[in-house]
Every structure is written in C-alpha cells, then in structure tokens.
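Undergrad: I am attaching a structure below and will ask some questions about it afterwards.
We did not get these values from a lab; they are worked out from the coordinates using the rules stated. Please read these numbers as outputs of a predicted model, since none were measured by experiment. Reconstructed Cβ throughout: ideal geometry from the backbone, glycine too, with neighbour counts over all protein chains shown.
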Amino acid sequence: MKLMTCPLNGPRNISEFVWAGDVKPMPDPATASDDAWAEYLFLEDNVAGEVHEWWLHAPTNYWFIARRNTITDEILETMTADAYFAKQRGDGA
C-alpha cells in the first residue's frame, strides 16, 4: 500500500488523495486573454523530475502541496500551502 503524508491528517492511503495539477502562477484576471486562462487551467509542463503539485485529501477536503519526483513517482515532501508560499517569498524555513 502506498502512503502519502497529509499535513493535516498524517500518513494516509494514496487512494484518499486527488491530484490537481502543478503549482504555477495564476494569470492576472483583469488582463489575461482566453488563451492564457486555457493554458493555466488545462496545460501542464510535464517535467521529468521534481515538481510541486496541488493535492486534495478528499475525505477532509484539505488542500496542500506535495513535492514529487515524476520519474520515480516518489513523494518527497508534503506541506501546507501557507508553508510553501512563505518558502517561495523567502520568509519560511
């Protein structure tokens, strides 16, 4: 059985989770074209290696971010969205 560690609920069976795509910057709602929105919503980069992805723990409807190796399918780290974005801004550990 494959496990994923939810930041809220701890280690859980992978079947409880739903993948929701890469973490990427959202287009500006005031200026983005329809093409930019379509690319944001429907296209992924399909990187071979480490990526940051949105995941949902379906039983609790809890959203978080996982760092995963797409070559080995190994889940390297999970974190709250707050922790991820603080790290991106440089004010997190």
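Undergrad: What is the local net charge at residue 61, summed over the other residues whose Cβ is closer than 15 Å to its Cβ (Lys, Arg +1; Asp, Glu -1)?
TA: Cβ neighbours under 15 Å give a net charge of 0.
Undergrad: To continue, here is another question. Could you go through the range 2-12 in sequence order and give the Karplus-derived ³J(HN,Hα) for each residue, using 6.51 cos²θ - 1.76 cosθ + 1.60 with θ = phi - 60°, rounded to whole Hz, and x for Gly and Pro?
TA: For the range 2-12, the Karplus-derived couplings read 8, 10, 10, 8, 7, x, 9, 10, x, x, 9 Hz, x marking Gly and Pro.
Undergrad: Taking amide H positions as placed in the peptide plane 1.01 Å from N, state which residues far from residue 23 in sequence (5 or more) or on other chains have amide H under 5 Å from it.
TA: 52, 53, 54
Undergrad: Along the Cα→Cβ direction, 7 angstrom out, place labels at residue 71 and residue 58. What is the inter-label distance in nm?
TA: Taking the simple label geometry, residue 71 and residue 58 are separated by 3.1 nm.
Undergrad: Right, next: Please compute the length gained on full extension between residue 3 and residue 50, using 0.36 nm multiplied by the number of residues separating them and subtracting their Cα-Cα distance.
TA: On the way: separation 47, 0.36 × 47 = 16.92 nm, distance 1.83 nm.
Fully extending the segment from residue 3 to residue 50 adds 15.1 nm.
Undergrad: How large is ³J(HN,Hα), in whole Hz, for each residue of the range 49-54 in order, when computed from phi with the Karplus curve 6.51 cos²θ - 1.76 cosθ + 1.60 and θ = phi - 60°, using x for Gly and Pro?
TA: Rounded to whole hertz, the list is x, 7, 9, 9, 9, 7.
Undergrad: When only C-alpha pairs under 8 Å and at least 6 residues apart count, what is the relative contact order of the range 3-89, in percent? Kindly include the intermediate steps, with their values, before the conclusion.
TA: Values: 122 pairs, mean separation 23.3, N = 87.
This gives 27 percent for the range 3-89.
Undergrad: If you don't mind, another one. What order, most packed first, do the peptides 37-48, 80-91 have when packing is the mean number of other Cβ atoms within 10 Å of each residue? Mind showing how you got there, number by number?
TA: Values: 37-48: 10.6, 80-91: 12.4.
Answer by packing, highest mean first, reads 80-91, 37-48.
Undergrad: Local charge sum around residue 71 (other residues, Cβ-Cβ under 15 Å, Lys/Arg +1, Asp/Glu -1)? Could the numbers behind the result be given before it?
TA: Working: positive: 67, 68; negative: 45, 50, 53, 73, 74.
Net local charge, residue 71 excluded: -3.
Undergrad: Compare the peptides 9-15, 27-33 by average per-residue count of other Cβ atoms within 10 angstrom and give them in order, highest first. Present the calculation step by step, with values, prior to reporting the outcome.
TA: Details: 9-15: 11.6, 27-33: 9.3.
Final packing ranking: 9-15, 27-33.
Undergrad: Under a Cβ-Cβ cut-off of 11 Å, what is the net charge of the residues other than residue 39 that fall near it, where Lys and Arg count +1 and Asp and Glu count -1?
TA: Values: positive: 24; negative: 34, 35, 44, 45.
Result for the local shell: -3.
Undergrad: Another question, then. Determine the dipole magnitude for the chain: charges of +1 sit on the beta-carbon of Lys and Arg, -1 on that of Asp and Glu, nothing else is charged, the reference point is the Cα centre, and the result goes in debye to the nearest 20. Don't skip to the answer; put the middle values down first.
TA: On the way: 7 positive and 15 negative charges, 94 e Å.
The dipole of the chain has a size of about 440 debye.
Undergrad: Report the convex hull volume per residue for the chain, counting only C-alpha atoms, in Å³.
TA: Working: hull volume 11.2 nm³, N = 93.
Enclosed volume per residue, from the Cα hull, is 121 Å³.
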